[in-house]
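Report on one structure; see the data block that follows.
The values are calculated or read from the model by the stated rules, or taken from the named source; none is laboratory data. Values in this document were obtained by computation on a predicted structure and should not be read as measured data. So basically every Cβ, Gly included, is an ideal-geometry build from the backbone, and we count neighbours across all protein chains shown.
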């Protein structure tokens, strides 16, 4: 399937949502132009096989590619793989690769690279992929353009993990047999994407240029992308106002600046491009700490919080109060579960039942700036109205990581991606096997419930859609009753950009793999 | 001979102080919660035991702390600042890469604040209580009291956003591909606002200090003697009064100079200036121990060196001070 066919298919499937501006694509012949984008903070590295944090993904996701690309409805489309097949029982998958693909250094991309990336390198360097791949029995190349996966057991969201951030394809000829982390290629990465690495002046900017040998006809349209490193939020807003940058990716300015900036001339604002991440904001509730381990106290916390006020005051409306621990872009989402509207009296009652005596509960705010500080302050006020005595614990990011990793907190703010499927991004928050010391991104609540474990386990392996949906709806109902953590919001990260930049966001991971497909008119 | 032995003594003291500082820094940083493994675990988005182990092994965090200290200190003795695994580069090369940007900014600010501060101080002291004096005093008060951060943002608001005269951030126009004179002018335009922001506070201090000392010195007997001799007023002000009034200013200038590498963190952050201050800040946030310690050490070394230089300048300004 070529690009145009892909676009047609995607456009019919997803309406105009993600691919607005597509009809112009065929007509627009003009090429060229430079995109100036903010990257915040400066990434530690851009080789996304090794660095998986947010800014690394945004730069590296445009240099590297996955086998598949996903639209706003999380439907897969061909990229490095032109077609794929899965056995009905979910025990095997096979991918047919595109044949004319070259690495940025001119070497051909083949099945050997796929096998090396998934079976060797990413297993070493990418903890999230290591988790996915536990279900895989073997990965083998069948000729230069076909790759076969045999499974130990079915893993329902397997196809979905072939997105670039999860499984970027890496060049075997440059990495095989080397020290992956110390390989000098990491500082000038070689991928297959529409943009290739050109220059990085540390502390100042990163430059990518068009890959003239890109495997999709007519792409890329732009000449170069500059990622500007601007460490201060107000200065990033100024940079847009003074015309130095044209794109403010979601999260690069404070929420209170969004409305003002989006009103500037020749400016558009969009909330698209975060469907795959599907971030949910919540409060970790430490199920091993004295009071919070009591279900009634956890429910009381849910009733005590004024989530509407938080949305309006801290996020200036750019957040959605979450009716479910599932993000609405995550599969099998349902609102048909116990709800927790604000009810301070009910909270007080529950606390009384639990025998809570007013002893201090430590709250760990998220040290990500102004918005999160405000959020924590509102939470403290809400909770104290219900009679909960909240004490702040002040930390920086490193201290926050450490405290969550060590479970040295009572309640703590965080947000995490759900990757569109409960088995990819939700199970890790709740299952007993994910209570791992040292990381802030697993079951930090240390909640453990055999029924819930069984549901998540069954859901990951179930290939029948209907049965799978029922399993996860049961899981949501159970979570809504037990409140292992306090789900608060679906995050909204508006991207602000000049109106003459078209097709800026064309996938479910947004800027992370769309920059090479943007056009300037 | 006297001066030489003084110098050798001071240098030996300085080296001892440097090792003491290095040791103190080493333990202070480790006292902060969170280590590089915690930070990288936070960034990786998913983590298992294996990942943490690998990171801790790479950073040598599995060794007993005294052994880690010994490795660090003996490295310094060999002039080896260590290796940043985080950035996959030697600490020395990372600092050297950022040093020019910081030095350009801080030297400009140093010269600007000293020249402007002393000049304003002299002007104000000529006629204490006059309109000029009060105007300068008012300005100095604002510069002294307003936080640098706020002044910087106001300057950006006025000169970059409203008037559009000067760039708001960065140290060059990215992607403009300027050469020769054009490139130089471009850099200078970028330099104006950060230099001003970094200078205001010191301008205020130099102004007030110069003024106060000038006024105090004007009442001294030797000034009366000079007047009695019939020396011209300008000569009296500059040769007799100012020279004596400058001693405390020299002390302060020494402190400012010693603070040059590490002292511009705020300015570098607001103006996206790619210097050492920001490198330090990022290293702190990421608990990049070796890089942070390296930057601290350079800062400390410069402070010590400038202290020694200040002592020498003292003797030049005031021959009565013996070494």
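Scanning segment A:254-272 for residues being within 14 Å of chain B (Cβ to nearest Cβ), touching a residue at least 40 places away in the same chain (Cβ under 8 Å) and out of contact with any strand residue (DSSP E or B) (no Cβ under 6 Å at 6 or more places or on another chain) gives a total of 1.
Residues considered: A:446, A:475, A:486. Of these, the only one that is part of a helix (DSSP H, G or I) and within 24 Å of the chain's Cα centre (by Cα) is A:475. Of all residues in segment A:406-421, those satisfying the criterion of being on the phi > 0 side of the Ramachandran plot and surrounded by 22 or more Cβ atoms within 10 Å (Cβ to Cβ) are A:419, A:420. Residues that are under 25 Å from residue A:373 (Cβ atoms) and assigned by TED's automatic domain parsing to the domain that holds residue A:198 number at least 2 in the following helices (runs of 4 or more DSSP H) confined to segment A:222-338: A:233-241, A:255-262. Is it the case that segment A:50-69 has a residue that's in a strand (DSSP E or B) and touching a helix residue (DSSP H, G or I) at 6+ places or on another chain (Cβ under 9 Å)? Yes, the conditions are met somewhere in segment A:50-69.
Considering the conditions (1) free of Cβ contacts under 8 Å to residues at least 60 places away in the same chain; (2) within 12 Å of the chain's Cα centre (by Cα), residue B:239 is excluded by exactly one of them, (2).
Filtered by the rule that a residue be closer than 30 Å to residue A:416 by Cβ and crowded, with 16+ Cβ neighbours inside 10 Å, segment B:14-31 gives a lone residue, B:29. Return yes when residue A:342 is touching a residue at least 24 places away in the same chain (Cβ under 8 Å), surrounded by fewer than 18 Cβ atoms within 10 Å (Cβ to Cβ) and in contact with a helix residue (DSSP H, G or I) (Cβ under 6 Å, 6 or more places away or on another chain) and no when it is not. It is false that residue A:342 is touching a residue at least 24 places away in the same chain (Cβ under 8 Å), surrounded by fewer than 18 Cβ atoms within 10 Å (Cβ to Cβ) and in contact with a helix residue (DSSP H, G or I) (Cβ under 6 Å, 6 or more places away or on another chain). Inclusion of residue B:62 among residues that are under 20 Å from residue B:297 (Cα atoms), outside any helix (DSSP H, G or I) and either more than 9 Å from chain A (Cβ to nearest Cβ) or under 31 Å from the mean Cα position of the chain (by Cα) (or both) is not warranted.
Looking at (1) surrounded by 13 or more Cβ atoms within 10 Å (Cβ to Cβ); (2) under 24 Å from residue A:179 (Cα atoms), which is the one condition that is false for residue B:50? In the conditions (1) surrounded by 13 or more Cβ atoms within 10 Å (Cβ to Cβ); (2) under 24 Å from residue A:179 (Cα atoms), residue B:50 misses (1) alone. Note on segment A:124-157: among residues that are farther than 26 Å from residue A:50 by Cβ and under 25 Å from the mean Cα position of the chain (by Cα), the one that is farthest from the other protein chains (Cβ to nearest Cβ) is A:154. Against the test of being crowded, with 21+ Cβ neighbours inside 10 Å and within 28 Å of the chain's Cα centre (by Cα), the options A:285, A:261 yield a single qualifying residue, A:285.
Annotation note: of B:34, B:42, the sole residue that is facing chain A (nearest Cβ under 8 Å), touching a helix residue (DSSP H, G or I) at 6+ places or on another chain (Cβ under 6 Å), in a helix (DSSP H, G or I) and closer than 27 Å to residue A:51 by Cβ is B:42. Counting only residues that are touching a residue at least 40 places away in the same chain (Cβ under 8 Å), at the interface with another protein chain (Cβ under 9 Å from one of its Cβ atoms) and more than 8 Å from residue A:38 (Cβ to Cβ), segment A:227-242 holds 2 of them.
Is it true that residue B:24 is farther than 30 Å from residue B:200 by Cβ, part of a helix (DSSP H, G or I), away from chain A (no Cβ under 12 Å) and without any contact (Cβ under 8 Å) to a residue 24 or more places away in the chain? For residue B:24, the condition - farther than 30 Å from residue B:200 by Cβ, part of a helix (DSSP H, G or I), away from chain A (no Cβ under 12 Å) and without any contact (Cβ under 8 Å) to a residue 24 or more places away in the chain - is met.
For segment A:433-457, taking the residues that are more than 14 Å from chain B (Cβ to nearest Cβ), crowded, with 16+ Cβ neighbours inside 10 Å and in contact with a helix residue (DSSP H, G or I) (Cβ under 8 Å, 6 or more places away or on another chain), the one that is nearest to residue B:38 (Cα to Cα) is identified as A:445.
Which of the residues that make up segment A:173-203 are farther than 11 Å from residue A:64 by Cα and either in contact with a strand residue (DSSP E or B) (Cβ under 6 Å, 6 or more places away or on another chain) or crowded, with 21+ Cβ neighbours inside 10 Å (or both)? Scanning segment A:173-203 gives A:175, A:188, A:198, A:199, A:200, A:203. Out of all the residues in segment A:38-49, which are under 17 Å from residue A:124 (Cβ atoms) and surrounded by fewer than 24 Cβ atoms within 10 Å (Cβ to Cβ)? Of everything in segment A:38-49, just one residue is under 17 Å from residue A:124 (Cβ atoms) and surrounded by fewer than 24 Cβ atoms within 10 Å (Cβ to Cβ), namely A:45.
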